[in-house]
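What follows is calculated from the coordinates using simple rules that are stated; it is not laboratory data. Just so it is clear, the structure is predicted and the values come from calculations on it, not from any experiment. For neighbour counting, all protein chains shown are included, and Cβ atoms are generated from backbone atoms with ideal geometry for every residue, glycine included.
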Amino acid sequence: MTDAHHKVSVVVTTYNRPDALYMVLKGLHAQTYNNFEVIVADDGSGTQTMDMTRKMQLNVRYHLNHIWQEDRGFRAAKARNKAVAASKGAYLIFLDGDCVPLPGFIQKHMCLAESGWFVRGNRVMLSESFTRWILENDVDISQFNFFHFLRHRLSGRIKRIVSFFYLPLGPARKLFSRKWKGAKTCNLGMWRKDFIHVNGFDERYTGWGHEDADLVVRLIRSGVYRKEGNFYVPALHLWHALNDRSQLSENESRLQEIIKQRTIHVEQGLSQYL
C-alpha cells in the first residue's frame, strides 16, 4: 500500500452527455478519500455541459476544473493531455464521463497504487433501460450496496455482478504485468511521473479507439507494469450507443506499428502543454 497522502487528480473525459457526467461528479462527491481534485477533459461539448459543471463547482467538496477544447471530432487523447497538464496530483486516475465511481473508488485505487505499476480497473456494464431509469429519476447509484445490485442483476438490468466481489488476490494482481490488452482509460490509475515520462497520449489517434492501448504499451515498454484492479475497484458504466468507429482501422494500424517499434516517448503528446 502506498502513501495515501499523495494528492490525486481524477481526469474525467466527456462529450455532450451532461446527465451522465453529473452522475459521475456526484459519485466523486461521495468519496471516502478526501485529498483529490477533478479535471473534466471536455472534447468539445456544448453549453449544457459547461453550465452543469459550473453549478457543480459550487456544490462539490473537491476542486473541479473544466478543460474544454473545440469540437473537431473525437480527440480524447488531446483532451486528456490538456487535462493532465492542468492538474496538480502526483497520482492520476482516468475515468470516463459515463463511469460512475462507488464511494471507495479513489481510496481503493490508492491502496493498489505502487511505484513502477499502473492499475487497470474494471467496469460493470448497465443496461439501456436501467441507465434511462437512473438518469430520468436522478438515482444516486453510487450509494447502492451489493444487495441493490443483486436485485437489479436478477431483473436483467445489470449484465453481471461478479465484479462486486472483493478479493485480496495479493501477488496474483501482477500475474499479467506485461499484458496491454483490456486496459482502458474508463478506469485506469498511474503515477503522474510515469505518464510524463512517456509524454502522455499520442494525439495522432483521432476517432474512437486504441489511444489508451498505445499509452499502456509504451508504459510497459518503459518499465511500468500492469497491476489488476479487478474484484476491487469497479466503476458503474452507464449504457450508451456505440461510438463512430470509422477511423478504427487506421488507429489499429498505428497501434500495430507502435507494438513493432521500440517507441516510448511520442512526439505529439503531453509536453506541448507543460
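Which of Lys7/Lys181; Lys184/Lys260; Lys88/Lys260 have a Cα-Cα distance over 25 Å?
In this structure, Lys7/Lys181; Lys88/Lys260 exceed 25 Å between Cα atoms.
For the chain, modelled as a GNM with alpha-carbon contacts under 10 angstrom, which of Ile158, Ile39, Ile93 fluctuates the most?
Ile158
Ignoring everything except DSSP H segments at least 4 long, calculate the 222 nm mean residue ellipticity for the chain; use -39,500 (n - 2.57) per segment, divide by total residues, nearest 500.
Roughly -9500 deg cm²/dmol at 222 nm, from the helical runs in the chain.
Neighbouring Cβ atoms within 10 Å as the yardstick, rank Leu255, Leu242 fewest first.
Arranged by neighbour count, lowest to highest, Leu255, Leu242 become Leu242, Leu255.
Using a 10 angstrom cutoff on alpha carbons, build the Gaussian network for the chain and name the most mobile of Asp194, Asp43, Asp51.
Evaluated over the chain, the most mobile residue of the options is Asp51.
Rounding to the nearest 20 debye, state how big the charge dipole of the stretch 8-273 is about its Cα centre with +1 on each Lys and Arg Cβ and -1 on each Asp and Glu Cβ.
Using only the charged Cβ atoms, the result is roughly 980 debye.
With a 10 Å cut-off between alpha carbons and a GNM built on the chain, which of Gly73, Gly121, Gly104 moves the most?
Ranking Gly73, Gly121, Gly104 by mean-square fluctuation puts Gly73 first.
What does DSSP give for the stretch 8-273 in terms of the percent of beta bridges that are antiparallel, rounded to the nearest 5?
Around 30 percent of the beta bridges assigned by DSSP in the stretch 8-273 are antiparallel ones.
Karplus couplings for the stretch 222-239 from phi (6.51 cos²θ - 1.76 cosθ + 1.60, θ = phi - 60°), rounded to Hz, Gly and Pro as x?
Once rounded to whole Hz, the list reads 7, x, 9, 9, 8, 10, 7, x, 4, 6, 8, 9, x, 10, 8, 8, 5, 5.
Of Glu114, Glu70, how do they rank once you tally other Cβ atoms within 10 Å and put the fewest first?
Glu70, Glu114
Using the number of other C-beta atoms within 10 angstrom as an exposure proxy, rank Ile220, Ile264, Ile106 with the fewest first.
Neighbour counts put them in this order, fewest first: Ile264, Ile220, Ile106.
Specify the inter-centroid distance of the stretch 221-267 and the stretch 74-112, based on alpha-carbon positions, in whole Å.
The two parts, judged by their Cα centres, are 15 Å apart.
For the stretch 209-246, which trypsin sites (Lys or Arg not before Pro) pass both filters: DSSP loop (anything but H, G, I, E, B) and at most 16 other C-beta atoms within 10 Å?
Qualifying residues, ordered by number: Arg245.
Within 14 Å, Cβ to Cβ, of Leu238, how many net charges do the neighbouring residues add up to if Lys/Arg are +1 and Asp/Glu are -1?
So the environment of Leu238 carries a net charge of -1.
Loop only per DSSP, at most 14 neighbouring Cβ atoms within 10 Å: give me the GluC sites (Glu not before Pro) in the stretch 226-272, ordered by residue number.
Glu267
Pop out the ³J(HN,Hα) list for the stretch 17-27 in order, Karplus 6.51 cos²θ - 1.76 cosθ + 1.60 with θ = phi - 60°, rounded to Hz; leave Gly and Pro as x.
Here the 3J(HN,Hα) series is 9, x, 5, 5, 4, 4, 5, 5, 5, 5, x Hz.
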